Amino acid sequence: MDFLLGRDLPRQARRSLLFDSANGLGAGLFTALVINFVPVIARREGADPLLLAAITACPFAANVVGLLSVGFLPTRHRTAYIVVVQALGRGVFLLALLGDWPQALLAMFFVYYVSYAISLPAVYDALREMYPDRWRARLMGYVRIIQSGIAALGAPLGGWLMDAAGQRALLALGGGLGALGALAFSRIQLSETKGVTPSGPWAALGEFWSDPLFRGIALAWVLWGLGGFMALPLFPLVMVDRLGVSYAEVGFVSLALALGGLLSYWLSGLHVDRHGGHASLVAGFVLTWPVPLVYQLAPSAQWLTLAGLLNGLGSGAMELGWANLLLRLAPGQQRGRYAAVLNSLTGLRGVAAPFLGVALASQTPLGLAGALYVSTGVGLLGTLLLVAVSRQIPARLATAAPAAWPPRRRKRLPLEYANPLRYTRSVKNPSRTVGN
């Protein structure tokens, strides 16, 4: 493992990586068995487009609620806070054993994403302590590789099992395995004195908005995501109504998503540690904005694997790029608050975007095809805005902390060792060098 981690990786970081990976394993199983299938299950159970839009909006409504968490971020017992919140959020899907009607899935989906949103600021604060700067992106990438790999292996199997054995037991199994993974995080040791200072939501929003770089990134992110998330509730309509995909085919789309994420986390982790996160963030936007266009043009379910692959490649690059920029450029006590503010801004966008997409598809002459084309165009505008904003990042990095992976100086060898074919030691007089 030394060729992956480096021999000089501190022991504490290795321990953190072990238990963070166990949590990632649980999250991957939860994604494979639950997250990938909830919209399709809801549609099969009779959810109308409006309810699909509500399910799609759940993560973003939860992000708005998550801004309130900046007022009670723990300064002590941070590990316990993360574990309890994440375990409860994933474990709520054990209730699927009692019923899987669309309204129940909507409620469970919302509870899970609220737990994710209110734990995220604490997680970002913990990552700064868990992993040293020089290795952080790579180690985060390795954890996400495990998570994506498990999601990749579990998605086709989960689809087959749902087709063969029913969906309630599989949703409950995914929730239970996800909760067990969260419990593994309890073994990570964090300092009791390095927690963030709690702050009111409006104060956190003011601090974030006064930073021109992060304000520009947020505006680009909101516009890019408006296009992408307008299309999200339309994807099940394409998959079920137009193409008639099976659960197994949904599993293969999820497999492409997971494999793209696996590759992206590996490559992006290496790149971000060497060069910073700005290029990775831009690459993520560029890769994902055409996804609605792929859905519109896909002649069969097999073509949707391309959309899954692009989403996986882009999502991994964006996550590691954004995490690097946040942890290196945000003021120390404001990292968690910056994360909560960006999530809340994207949440407001995400709450409105799915309903806007459904309205364009069902209440205007544009129809489903026109709504997907509009989504593609809006996402492209957000990508172009980020490209313009990213020109500020190199100058900001130059005044921030040193590079995460500083180049090592090579020791200059004595002249006689510089070219072993030219110089040898004299056998009679070892102190004298003779030429060949």
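The values are calculated or read from the model by the stated rules, or taken from the named source; none is laboratory data. Everything numeric here is computed off the predicted structure, so don't read it as measured data. Here the Cβ is made from the backbone with ideal geometry for all residues, glycine too, and neighbour counts use every protein chain on show.
Just a few scattered comments:
- L348 being in contact (Cβ under 8 Å) with a residue 12 or more places away in the chain and closer than 26 Å to W209 by Cα: yes
- Residues satisfying the stated conditions in the range 265-286, i.e. buried (at least 21 other Cβ atoms within 10 Å of the Cβ), modelled with pLDDT of 90 or more and over 21 Å from V143 (Cβ atoms): F285
- A122, sole failed condition from (1) under 29 Å from R14 (Cα atoms); (2) touching a Pro at 6+ places or on another chain (Cβ under 8 Å); (3) surrounded by fewer than 20 Cβ atoms within 10 Å (Cβ to Cβ): (3)
- Residue within the range 351-365 that is modelled with pLDDT under 80, under 30 Å from I393 (Cβ atoms) and either within 17 Å of the chain's Cα centre (by Cα) or buried (at least 21 other Cβ atoms within 10 Å of the Cβ) (or both) present: yes
- Residues located in the range 30-46, provided they are within 9 Å of G178 (Cβ to Cβ) and at pLDDT below 90: T31, L33, V34
A quick yes/no check of all residues on (1) touching a residue at least 40 places away in the same chain (Cβ under 8 Å); (2) more than 25 Å from T305 (Cα to Cα):
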{"site": "T31", "(1), (2)": "yes, no"}
{"site": "V40", "(1), (2)": "yes, no"}
{"site": "R44", "(1), (2)": "yes, no"}
{"site": "T56", "(1), (2)": "yes, no"}
{"site": "P74", "(1), (2)": "yes, yes"}
{"site": "I82", "(1), (2)": "yes, yes"}
{"site": "A104", "(1), (2)": "no, yes"}
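- Selected residue (criterion: surrounded by the most Cβ atoms within 10 Å (Cβ to Cβ)) from residues of the range 183-192 that are in contact with a Phe, Trp or Tyr (Cβ under 9 Å, 6 or more places away or on another chain) and of a type in the set (A, V, I, L, M): I188
- Single residue of the range 58-101 satisfying the filter (within 23 Å of R187 (Cβ to Cβ) and hydroxyl-bearing (S, T, Y)) that is surrounded by the most Cβ atoms within 10 Å (Cβ to Cβ): Y81
- G149 under 20 Å from G24 (Cβ atoms), within 21 Å of the chain's Cα centre (by Cα) and not aliphatic (A, V, I, L, M): yes
- When the range 297-316 is filtered for residues that are more than 18 Å from V250 (Cβ to Cβ) and either at pLDDT 90 or above or over 14 Å from the mean Cα position of the chain (by Cα) (or both), the ones remaining, listed by number, are L297, L313, G314.
- Selection count where residues are within 22 Å of the chain's Cα centre (by Cα) and under 12 Å from R44 (Cβ atoms), scope the range 237-259: 1
- Checking each residue in the range 133-165 for being of a type in the set (A, V, I, L, M, F, W, C), under 18 Å from E249 (Cα atoms) and surrounded by 20 or more Cβ atoms within 10 Å (Cβ to Cβ) picks out I150, A151, A152, A155, M162.
- Whether a residue is farther than 30 Å from G276 by Cβ and either in contact with a Pro (Cβ under 9 Å, 6 or more places away or on another chain) or surrounded by fewer than 23 Cβ atoms within 10 Å (Cβ to Cβ) (or both) was assessed, and A179 passes this test.
- Residues in the range 132-152 that are at pLDDT 85 or above and of a type in the set (F, W, Y): Y142 alone.
- S246 meets each of the listed conditions (1) surrounded by fewer than 18 Cβ atoms within 10 Å (Cβ to Cβ); (2) farther than 22 Å from S390 by Cβ; (3) out of contact with any Gly (no Cβ under 9 Å at 6 or more places or on another chain) apart from (3).
- Considering (1) in contact with an Asp or Glu (Cβ under 6 Å, 6 or more places away or on another chain); (2) part of a helix (DSSP H, G or I), the lone condition that R76 does not fulfil carries the number (2).
- Selection status of A164, in a helix (DSSP H, G or I) and in contact with a helix residue (DSSP H, G or I) (Cβ under 8 Å, 6 or more places away or on another chain): no
- Test: residue in the range 369-386 that is at pLDDT below 85 and surrounded by 23 or more Cβ atoms within 10 Å (Cβ to Cβ): no
- Yes/no for A117 being within 15 Å of G347 (Cβ to Cβ) and either touching a Ser or Thr at 6+ places or on another chain (Cβ under 7 Å) or crowded, with 22+ Cβ neighbours inside 10 Å (or both): yes
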